[in-house]
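Enquirer: I have a structure here, written as structure tokens, and I will follow up with some questions on it.
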Ligand SMILES: Cc1ncc(COP(=O)(O)O)c(C=O)c1O
């Protein structure tokens, strides 16, 4: 194949021919530690025979069946989900990935408001540092300038509220009133839009790669939930990255005492063995749409039998092997390793995250938090250097927030692998920064 015909990895001549556990193997037989689980997807690890067998059986027996009909693997996935989803989320809509799932969630929220007699409630407030997908609506909803280049005039403007970012809170770093400040900012935004025009708030419970595993202050989510309830606004939580154990709880929002009206998932739902996204809504939403006669259109490949089989198997394995508590434990270990490696580093503002979704933020000046210039391409260089040393990290950040290196390894990673991953990260950061003028 002509390398230039493959658009996603320009200039990177990497071919992976095999993967096992937390490791990828290239055609040249180089072993790469998958510290990012691909695009922060892989949870039960690569090369699980029983998942591959389940996909094989489902596609052999029911290669393709229209999404609204049941198949054994669809039934198995819905049964397995019963052990994961908050009890209030009874309705399941399956897509082919996270973007489609967020797009569907936005549409369902707007349809719900219309079904309840509020057709003017069409605005969806998202956040200024976020990522929700590749479609036009989800690109518009994403606070991710890097991914809207050349599209600015084609996409609708979505109202943003500031993403809670304790490191860079306008009140001061890790300010005790930061949570309240960000809730007040959302309240202001709702007021500006007019609550009667707002259908939903769409946000990631812990901001994924756009911000780099940013954990909000503890009073933020309860405050947002209360605001949404006061104004009858639907709370859509995008758990495409944080869902299904990634942060050491079943779902990222479960670090706080809240439940969304619509939960969106993707990535880890099928562990990387098949493309799949999920939208999970309350009974009230499902019933309102039914009463109004509003349909939720399926994607041709939504709930594909092979993907549902993979999801059922992956969700079962995670329970059988107690992988979520393992993520919580490994997450603490990873935080400790990152603290040891970067606590006094002059160019690492902080390390942060929960469970196996963590990141470091590299800055020119640790006091003022001034970043390195864009042209220095610090993140890309750190990732390329680490890759040469045999570890794959995931680049993050966008716009003014840049030079984020994310980690999201498979849940079966061993402690010694975590330690060598952090050693290589430290060595790569130092090597790159010794060449960039600081
Ligand atoms: C938080 C979040 N939402 C949505 C998406 C889009 O999902 P997909 O790439 O499966 O369409 C992503 C992908 O990175 C994501 O991280």
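Enquirer: Over the range 47-198, with a single point scatterer placed on each C-alpha, what log10 of the ratio I(q)/I(0) does the Debye formula yield at q = 0.09, 0.13 1/Å?
Expert: Reported log10 I(q)/I(0), two decimals: -0.46, -0.86.
Enquirer: Expressed in nm to one decimal, what extension gain is obtained for the pair residue 192 and residue 389 from 0.36 nm per residue of sequence separation less their Cα-Cα distance?
Expert: So the chain would gain 65.9 nm between residue 192 and residue 389.
Enquirer: Per residue, what volume in Å³ does the convex hull of the Cα atoms of the range 385-430 enclose?
Expert: Numbers: hull volume 3.6 nm³, N = 46.
Given the Cα convex hull of the range 385-430, per-residue volume reads 77 Å³.
Enquirer: Sticking with this one: Calculate the translational D of the chain in whole µm² s⁻¹ from Stokes-Einstein, where the hydrodynamic radius comes from the Kirkwood formula applied to all Cα pairs, the temperature is 4 °C and the viscosity 1.567 mPa s.
Expert: The estimated diffusion coefficient comes to 58 µm²/s.
Enquirer: Quick check: pseudo-label points 7 Å beyond the Cα along Cα→Cβ at residue 321 and residue 180, how many nm apart are they?
Expert: 4.5
Enquirer: Moving on to the next point. Stretch residue 335-residue 14 to full length: gain in nm at 0.36 nm per residue minus the Cα-Cα span? Can you show the working numbers first?
Expert: Details: separation 321, 0.36 × 321 = 115.56 nm, distance 3.01 nm.
Gain on extension, residue 335 to residue 14, equals 112.6 nm.
Enquirer: With the contact rule set at Cα under 8 Å and sequence spacing of 6 or more, what percent relative contact order holds for the range 326-385?
Expert: Taking the mean separation of contacting Cα pairs over the length of the range 326-385, I get 25 percent.
Enquirer: Next up: Give the calculated FRET efficiency between residue 152 and residue 343 to the nearest 0.05, with a Förster radius of 35 Å applied to their Cβ-Cβ distance. Before the final figure, lay out each step's value.
Expert: Working: r = 40 Å, r/R0 = 1.14.
The formula returns an efficiency of 0.30 here.
Enquirer: Return the whole-Å distance between the Cα centroid of the range 245-320 and the Cα centroid of the range 63-77.
Expert: That distance is 15 Å.
Enquirer: Bin width 10 Å, origin at 0, all Cα-Cα pairs of the range 203-339: what percent of pairs per bin?
Expert: 11, 34, 36, 17, 2, 0
Enquirer: Another one. Put a dot 7 Å past each Cα toward the Cβ at residue 116 and residue 290; how far apart are the dots in nm?
Expert: 1.8
Enquirer: Taking every DSSP beta bridge that has both residues in the range 168-291, what percent is antiparallel when rounded to the nearest 5? Walk me through the intermediate numbers first.
Expert: On the way: 5 of 12 bridges.
Given both bridge residues lie in the range 168-291, the antiparallel proportion sits at roughly 40 percent.
Enquirer: If you don't mind, there's one more thing I want to ask. Run the numbers for residue 25 and residue 430: contour at 0.36 nm per residue of separation, minus the present Cα-Cα distance, in nm.
Expert: Between residue 25 and residue 430, full extension yields an extra 143.2 nm.
Enquirer: Sort 212-225, 86-99 for me by packing, meaning the mean count of neighbouring Cβ atoms within 10 Å per residue, highest on top.
Expert: In decreasing order of mean packing, 212-225, 86-99 become 212-225, 86-99.
Enquirer: Here is a follow-up. Given labels modelled 7 Å from the Cα in the Cβ direction, how far is it in nm from residue 83 to residue 367?
Expert: Going from the residue 83 label point to the residue 367 one covers 5.5 nm.
Enquirer: Where does each of 228, 169 land when they are ranked from fewest to most other beta-carbon atoms within 10 angstrom?
Expert: Ranked by crowding around the Cβ, least crowded first: 169, 228.
Enquirer: Under the rule of -39500 (n - 2.57) per DSSP H run of 4 or more residues, summed and divided by the residues of the chain, what mean residue ellipticity at 222 nm is obtained, to the nearest 500 deg cm²/dmol?
Expert: Numbers: 12 runs with 157 residues, N = 438.
About -11500 deg cm²/dmol.
Enquirer: Still on this model: What is the order of 175, 46, fewest Cβ neighbours within 10 Å to most? Kindly include the intermediate steps, with their values, before the conclusion.
Expert: Details: 175 14, 46 23.
Listed from fewest to most nearby Cβ atoms, that is 175, 46.
Enquirer: Give me the percent of DSSP beta bridges within the range 49-320 that run antiparallel, rounded to the nearest 5.
Expert: Beta bridges within the range 49-320, antiparallel portion: roughly 50 percent.
Enquirer: Hey, what did the chain get for relative contact order, percent, Cα under 8 Å, at least 6 apart?
Expert: Details: 905 pairs, mean separation 100.2, N = 438.
Averaging sequence separation for qualifying contacts and normalising by length gives 23 percent for the chain.
Enquirer: Here's a follow-up. Calculate the length of the line joining the C-alpha centroid of the range 78-148 to that of the range 174-222, in whole Å.
Expert: First find each Cα centre; the distance between them is then 16 Å.
Coordinate-derived values only; no laboratory data. The model shown is predicted, which means the values in this text are computed figures rather than measured ones. Using ideal geometry, Cβ is built from the backbone for each residue, glycine included, and neighbour counts are taken over all protein chains shown.
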